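Structure, as structure tokens:
Please treat every number below as a calculation from the coordinates, not as lab data. Remember, predicted model here, so these are calculated numbers, not experimental data. We place every Cβ from the backbone using ideal geometry, glycine too, and count neighbours over all the protein chains shown.
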Amino acid sequence: MSPGPGADSAPASLTTTDKTSTFSSFRVRNYRIHFLGSSVSNIGTWMQRIAQDWLVHELTGSAAAVGITLALQFLPMLLFGLYGGVLADRFDKRKLMIGTQVVLGLSGLTLAALTFSGSVHAYHVYALALVVGLATVVDNPARQAFVSEMVGPGLLRNAVSLNSANFQSARLIGPAVAGVVITSVGVGWAFLANGLSFMAPITGLLLMRTSELSPVERAPRGKGQLREGLRYVGSRPDLLWPIVLLGFVGTFGYNFPIWLVAFTDQVFHADAGTYGLLNSLMAIGSVAGALLAARRGSRRMRFTVAAAVLFGVLLMIAAAAPTFLIFALLMPVVGVVAMTFQVTANAGIQLHSDPAMRGRVISLMMMVFVGGTPFGGPLMGWLSDTYGARIGLLAGGLVCATAAVGVALVLARIGGLRLRISLRAGRRGVALVPRDPEELTATA
């Protein structure tokens, strides 16, 4: 029998008016268990990413083969992401996650066994990367939508921020640990560590007190649920336009590996150590951005749009950085703003979604955010190779800033606001103000 309500229970009783600290969600027992389990598996996941790329390169000697592995891992999200959202809305999310965690863990253990036996081939890695991608199609919307069931709407933004900090912290630790493991004992042990790491989140999910989860109405089984989700988002400007903005930023702005490699090689004429340093600086900024977002509590959509504008402007400033030191100092700032935008957009979209539709909304959001990378990445890479790293980064920043301003103007028009630019002393230079009644009548 589960204990009665106490300090660790009833997340739905926490409201947006409660004061939010950085770690407010840790007051909820179920979330604490989830966070700890995810911490372990996230480190294992980053270890496998590094080990997987290294193994494919060892087996084939081809950078293109590494690209094929990544494509197979992320392509299912683009092709089938919306179906994962339908499943997340229809079934028990906790049970779905237990199943996906088992599949992900077995994929790591299988790759470890093949590596230890000496019988591993590139097509084995390709096949298992596809399995991981298919499992992620279901796991991603279920995991993100499950956060609101653990903590309730009052702490949703805080919990999303802490999850992002968790993942970014693992991004700092996992590759470093993988490098030591691969160098000292071999790549197979990294796969084994990842496979075993999924025991932590599975155990956490089994230990959760289901009576303390916020009740959510599940979507009944029926035809047309995919189209229903698309129509729902299309009828909600407060969901549609943030998702559109996420698509632009994800496609044209989140191409850091391409730009950092290009700047390291073309602009600063440095080595792999410098590339690793720039990645680490950005990851540190991302962790800081997630923790700062965790303290903020509720924010308006205009804050998310403003973060996207600032992100684009920072990319353009970094493109013009005259020295390595200035460029390196900008990387943590870019990381902070990028994570602030991502966290506030994610939490805002979840908070504005009907619980019965949340899985489908999240799956569409992730499909747009992640699915654009196979198009934006090669385009930004071509620009950087053809016209130089600075032009490539400048173009990405310009697209992000322009898209954010465009979305801001659309949302302002929908909300009956207009842009006011004032040069008078004592008034804000640029502000959104209500449109005049005559103007609203004329445009109706």
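What 222 nm value per residue comes from the helices of the chain, counting each DSSP H run with n ≥ 4 as -39,500 (n - 2.57) and dividing by all residues, nearest 500 deg cm²/dmol?
Computed mean residue ellipticity for the chain: -25500 deg cm²/dmol.
Just need log10 I(q)/I(0) for the stretch 227-412 at q = 0.09, 0.17, 0.18, 0.20 Å⁻¹, Debye formula, equal scatterers on the alpha-carbon atoms, no solvent, rounded to two decimals.
Treating every Cα as an identical point scatterer, log10 I(q)/I(0) equals -0.33, -1.06, -1.16, -1.36.
Rg and Dmax in Å for the stretch 310-384, alpha carbons only: what are they?
Rg, Dmax (Cα atoms, Å): 16.1, 51.
Highest mean first, what order results for 354-364, 316-326 on Cβ atoms within 10 Å?
354-364, 316-326
Determine ³J(HN,Hα), in whole Hz, for all residues of the stretch 69-74 in sequence, where each value follows from phi through the Karplus function 6.51 cos²θ - 1.76 cosθ + 1.60 and θ = phi - 60°; x replaces Gly and Pro.
With coefficients 6.51, -1.76 and 1.60, one gets 4, 5, 4, 5, 7, 9 Hz.
Restricting to Cα atoms and excluding each atom paired with itself, what does the Kirkwood estimate give for the stretch 231-287 in Å?
13.6 Å
Go through the stretch 181-189 residue by residue and turn each phi into a ³J(HN,Hα) via Karplus (6.51, -1.76, 1.60, θ = phi - 60°); whole Hz please, and just put x for glycine and proline.
Using θ = phi - 60°, the values come out as 5, 4, 5, 8, 10, x, 5, x, 5 Hz.
From the phi angles alone, apply the Karplus equation (6.51, -1.76, 1.60; θ = phi - 60°) to the stretch 170-178 and give each ³J(HN,Hα) in whole Hz, x where the residue is Gly or Pro.
For the stretch 170-178, the Karplus curve yields 5, 5, 7, 7, x, x, 5, 5, 4 Hz.
Given contacts defined as C-alpha pairs under 8 Å and at least six residues apart, what's the relative contact order of the chain, whole-number percent?
Working: 704 pairs, mean separation 106.6, N = 444.
Contact order relative to length: 24 percent.
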